[in-house]
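*Asks:* Mind having a look at this structure? Questions to follow.
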Amino acid sequence: MRIGVVTFPGSLDDVDAARAVRLAGAEAVALWHADHDLRGVDAVVLPGGFSYGDYLRAGAIAARAPMMADVVDRARRGMPVLGICNGFQVLCEAGLLPGALTRNGHLHFRNRDQALRVERADTAWTNAYEPGQEVVVPVKNGEGRYVAAPADLDRLEGEGLVAVRYAGGNPNGSLRDIAGVSSADGRVVGLMPHPEHAVEDLTGPSTDGLGFFTSVLTAVVAA
Ligand SMILES: NC(=O)CC[C@H](N)C(=O)O
């Protein structure tokens with residue numbers, strides 16, 4: 001299994017994402033934002049960070065990188081894509097996921113270990129969990145407040161597209177405590193928390209995040 005990790009100018013967590021991919025038992029393949037070559041990967045992770053310095057809006061410029069044209073095309077044909085934090089912002093800006101990430105309601109950058117509840121456990125990136133399972137992974141962002149029109153929020157809830165929800169407190173004012181959403185087919189998932197920072201006892205608050213990366217191994221095999 002080969003999982004690509006895209007690096008944009010300003011990406012911060014691409015190396016940790018690659019490490020999480022390897023710990024999950026897959027090969028991590030470095031992908032460059034300016035290329036069009038997906039190098040035969042089976043899935044893609046868009047990592048956290050500050051792509052293009054968050055200018056215009058976080059993820060807005062990265063969403064228009066040459067590599068994203070290929071990621072969007074393959075995602076629309078079923079390739080699993082996980083967007084983590086800045087990667088989630090890129091996915092929303094690229095139109096692969098609904099809604100938008102806006103400035104945290106309190107206008108501060110928030111960095112803490114965060115309890116989450118896995119709401120949908122049948123996506124390509126969450127099937128290693130049980131529905132309703134609670135995990136703890138770091139959250140760290142300045143534009144993490146998830147928003148969408150009320151009708152869209154109702155649709156997300158009604159169609160089970162809220163993948164992960166904040167539990168035990170909302171770090172940024174996200175509407176309905178939404179921490180992550182899924183595409184209708186469950187193949188594209190974006191979340192603001194950082195599971196790649198919770199894959200080893202030595203370096204994280206837990207190993208709860210590893211399941212996001214092991215999940216995709218079964219999703220691709222099953223496809
Ligand atoms: N940790 C991150 O990926 C941060 C994402 C984005 N730069 C923000 O501050 O919201």
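The values are calculated or read from the model by the stated rules, or taken from the named source; none is laboratory data. None of the values given here were measured: they were computed from a predicted structure. We place every Cβ from the backbone using ideal geometry, glycine too, and count neighbours over all the protein chains shown. These area figures cover heavy atoms from the full protein model, side chains too; ligands, DNA and RNA do not enter into them. Shrake-Rupley method; radii C 1.70, N 1.55, O 1.52, S 1.80 Å.
*Asks:* Given +1 on the Cβ of Lys and Arg, -1 on the Cβ of Asp and Glu, and no further charges, what dipole in debye does segment 32-75 carry about its Cα centre, rounded to the nearest 20?
*Replies:* With only Lys, Arg, Asp and Glu charged at Cβ, the dipole is about 140 debye.
*Asks:* Here is a follow-up. Please list, in chain and number order, the residues 5+ apart from residue 113 or on another chain whose amide H is under 5 Å from its amide H, with Hs placed from the backbone.
*Replies:* 139
*Asks:* Follow-up. Work out the charge dipole of segment 2-222 with +1 on the Cβ of Lys and Arg and -1 on the Cβ of Asp and Glu about the Cα centre, then indicate which of 44, 198, 12 is farthest towards its positive end.
*Replies:* Final value for the positive-end residue is 12.
*Asks:* While we're on this one: Tell me, what HN-Hα J-couplings in whole Hz come from the Karplus equation 6.51 cos²θ - 1.76 cosθ + 1.60 at θ = phi - 60° for each residue of segment 3-20, using x for Gly and Pro?
*Replies:* Rounded to whole hertz, the list is 10, x, 10, 8, 9, 9, x, x, 4, 10, 10, 5, 5, 5, 5, 5, 5, 5.
*Asks:* Then there is this: For residue 122 and residue 176, calculate 0.36 nm times their separation in residues minus their Cα-Cα distance, and state this gained length in nm to one decimal. Walk me through the numbers before you get to the answer.
*Replies:* Numbers: separation 54, 0.36 × 54 = 19.44 nm, distance 2.06 nm.
Separation in residues times 0.36 nm, less the Cα-Cα distance, equals 17.4 nm.
*Asks:* Calculate the spin-label point distance for residue 1 paired with residue 107, positioning each point 7 Å from the Cα along the beta-carbon direction, and give it in nanometres.
*Replies:* 4.4 nm
*Asks:* Can you give me the accessible area per residue for the chain, using a 1.4 Å probe, in Å²?
*Replies:* Accessible area per residue, the chain: 39 Å².
*Asks:* Sticking with this structure for a sec: Show the residues, 5+ positions off or on another chain, whose built amide H is closer than 5 Å to the amide H of residue 163.
*Replies:* When sequence neighbours closer than 5 places are left aside, the close amide H contacts are 180, 181, 182.
*Asks:* A further question on this structure: Considering only DSSP beta bridges where both residues belong to segment 2-222, give the percentage that are antiparallel (nearest 5). All intermediate terms of the calculation are to be shown ahead of the outcome.
*Replies:* On the way: 21 of 37 bridges.
DSSP beta bridges in segment 2-222 are roughly 55 percent antiparallel.
*Asks:* So what is the calculated 222 nm ellipticity per residue for the chain, using -39500 (n - 2.57) for each DSSP H run with n of 4 or more, over all residues, to the nearest 500 deg cm²/dmol? Mind dumping the intermediate values first?
*Replies:* Details: 5 runs with 50 residues, N = 223.
Computed ellipticity for the chain at 222 nm equals -6500 deg cm²/dmol.
*Asks:* Comparing 147, 189, 44, which has the greatest mean-square fluctuation in the GNM of the chain with Cα pairs linked when under 10 Å apart?
*Replies:* 147
*Asks:* Once you place label points 7 Å from the Cα toward the Cβ at residue 56 and residue 30, how far apart are they in nm?
*Replies:* So the label points at residue 56 and residue 30 sit 2.7 nm apart.
*Asks:* Considering the chain as a Gaussian network with a 10 Å cut-off on Cα pairs, which listed residue, 197, 106, 33, attains the greatest mean-square fluctuation?
*Replies:* Maximum among the listed residues: 106.
*Asks:* Something else about it: Roughly how many percent of the accessible protein surface of segment 63-184 is carbon and sulfur, given a 1.4 Å probe and a whole-percent answer?
*Replies:* Summing carbon and sulfur atoms, their accessible area is 48 percent of the total for segment 63-184.
*Asks:* Please express the Cα-Cα pair-distance distribution P(r) of segment 1-112 as a list of whole percents, one per 5 Å bin, running from 0 to the bin with the greatest distance.
*Replies:* 2, 13, 24, 26, 19, 10, 5, 1, 0
*Asks:* In percent, what relative contact order does segment 2-222 have, based on Cα pairs under 8 Å that are 6 or more apart in sequence?
*Replies:* Contact order relative to length: 21 percent.
*Asks:* Principal axis lengths of the chain from Cα atoms, whole Å, largest first?
*Replies:* Computed over the Cα atoms, the extents are 40, 37, 36 Å.
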